[in-house]
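Student: Questions regarding the structure given below will be posed in turn.
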Amino acid sequence: MKKSVWILALLLICVSFGADDLLAQCPMCRATAETNLANGGTEGKGLNNGIMYMLFTPYVLIGTIAILWWRNRQQTEDVATDETYV
C-alpha cells in the first residue's frame, strides 16, 4: 500500500513540473483556430473533433476493462457456485 502511494505522489510531482508548458499551448491553439475560422477555414471544427476524440478514448478503455473484469468475475462466481453443488 505504501509503495503505491509513493509512486502516485512521484507521478503527480512529475506531472506538475510540466504543467506550465502544457497550459501555454491552449492560447496558441485557440488563437490559431480563431484566425483560421475568421479567414473562412475549417480547421477549428477539426480541432474540436480531435479534442472530443481524446476525451472519449479514456472512457472507452476504462469501460472496456470494467466490462471484461465484470464478466470474468461473473464467470468465476458461476464456477464457484457450481462446484459447491457437486
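Student: Provide the packing ranking of 58-65, 37-44, i.e. peptides ordered by the mean count of other C-beta atoms within 10 Å per residue, highest first.
Tutor: Result, highest mean first: 37-44, 58-65.
Student: Regarding the range 43-86, what is the average projected area of its C-alpha convex hull, in nm²?
Tutor: 2.8 nm²
Read-outs throughout are calculated quantities, based only on the coordinates presented, and are distinct from any laboratory measurement. Since we're looking at a predicted model, the values are computed, not measured. As a convention, Cβ positions derive from the backbone with ideal geometry for all residues, glycine included, and neighbour counts pool all protein chains shown.
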